[in-house]
Amino acid sequence: GRTVITFGTFDVFHVGHLRVIERAAELGDRLVVGVSADALNVRKKGREPVFSEGERLAIVAALKPVDEVFLEESLELKRDYIERFAADVLVMGDDWKGRFDELSDACEVVYLPRTPAISTTALIEKISTI
Ligand code: C2G
């Protein structure tokens, strides 16, 4: 069977996250999802996610299209994760377009279009102005 791997923070889980996971799952037989660690988010975005890594892992693991989850500790470890899970396809949203092309010797690399007009940042803003 074909194993698909994808990565994300999936903070304040929303329908854009759901859609990319559903579309990733359709590209293979088994979907593995790397959920980025709290420390990785602090390094990358300068703030803690709203939901902890344990909470975000639990939410993503409970989704029907998801077969396995793990904690993504570093953006630089994609090649190791691809090997560890024997992934045939890496899927990322097209906000990452081109960024992982150097991994195409290890597996197929696919960028899917983002769901328009929804983001964690916009949700936080919307909620905070209610
Ligand atoms: N996404 C989407 N549509 C949206 C919002 C997000 O398709 N409206 C997708 C993103 O393109 C990504 C996934 O949902 O593929 C997770 O998004 P984020 O949680 O923002 O993930 P990010 O912090 O970009 O991931 O190795 C990558 C890291 O884990 C970072």
| Cα→Cβ-extended label distance, 7 Å offset, between Lys45 and Glu76, nm | 2.2
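Given axes a ≥ b ≥ c from the Cα gyration tensor, I'd like to know whether the range 1-66 is rounded (a/c under 1.5), prolate (a/b larger than b/c) or oblate. List each step's numbers first, then the result.
On the way: a/c = 2.29, a/b = 1.95, b/c = 1.18.
Prolate is the answer for the range 1-66, as a/c is 1.5 or above and a/b outweighs b/c.
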| task | Give the residue from Thr121, Phe7, Val33 lying farthest towards the positive end of the charge dipole for the chain; charges sit on Cβ (+1 for Lys and Arg, -1 for Asp and Glu) and the dipole is referred to the Cα centre. | result | Thr121
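Take every DSSP beta bridge with both residues inside the range 27-112 and express the antiparallel ones as a percent of the total, to the nearest 5.
Close to 0 percent.
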| About the Cα centre of the chain, what is the dipole size in debye to 20, counting +1 per Lys and Arg Cβ and -1 per Asp and Glu Cβ, all else neutral? | 420
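How many lysine pairs does the chain hold where the Cα atoms are under 24 Å apart and the two sit 8 or more places apart or on different chains?
Details: Lys44/Lys78; Lys44/Lys97; Lys44/Lys126; Lys45/Lys78; Lys45/Lys97; Lys45/Lys126; Lys64/Lys78; Lys78/Lys97.
So the count of such lysine pairs works out to 8.
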| Inter-site label distance for Ile127 and Leu18 at 7 Å from Cα along Cβ, in nm | 1.6
| Highest GNM mean-square fluctuation, the chain, Cα pairs closer than 10 Å: which of Val50, Val33, Val60? | Val50
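Could you work out the relative contact order of the chain, using alpha carbon pairs under 8 angstrom and six or more residues apart, expressed as a whole percent? Working shown, then result.
Details: 206 pairs, mean separation 39.0, N = 130.
Relative contact order of the chain: 30 percent.
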| request: Report ³J(HN,Hα) in whole Hz for each residue of the range 34-47, in order, from the Karplus equation J = 6.51 cos²θ - 1.76 cosθ + 1.60 where θ = phi - 60°; Gly and Pro get x. | output: x, 9, 5, 5, 3, 4, 5, 5, 5, 5, 7, 10, x, 8
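Give the accessible surface of the range 1-65 per residue, rounded to a whole number of Å², with probe radius 1.4 Å and ligands, DNA and RNA excluded. Kindly include the intermediate steps, with their values, before the conclusion.
Details: 3020 Å² over 65 residues.
Here the per-residue accessible area is 46 Å².
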| Percent of C-alpha pairs per 5 Å bin, the chain, short to long | 2, 11, 21, 24, 23, 13, 5, 2, 1, 0
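The values are calculated or read from the model by the stated rules, or taken from the named source; none is laboratory data. Everything numeric in this text was worked out from a predicted model, so none of it was measured. In this analysis, Cβ positions are derived from the backbone assuming ideal geometry, glycine residues included, and neighbour counts consider all displayed protein chains. Ligands, DNA and RNA are stripped out before the accessible areas are found, and what is left, the full protein with its side chains, is counted by its heavy atoms. Shrake-Rupley method; radii C 1.70, N 1.55, O 1.52, S 1.80 Å.
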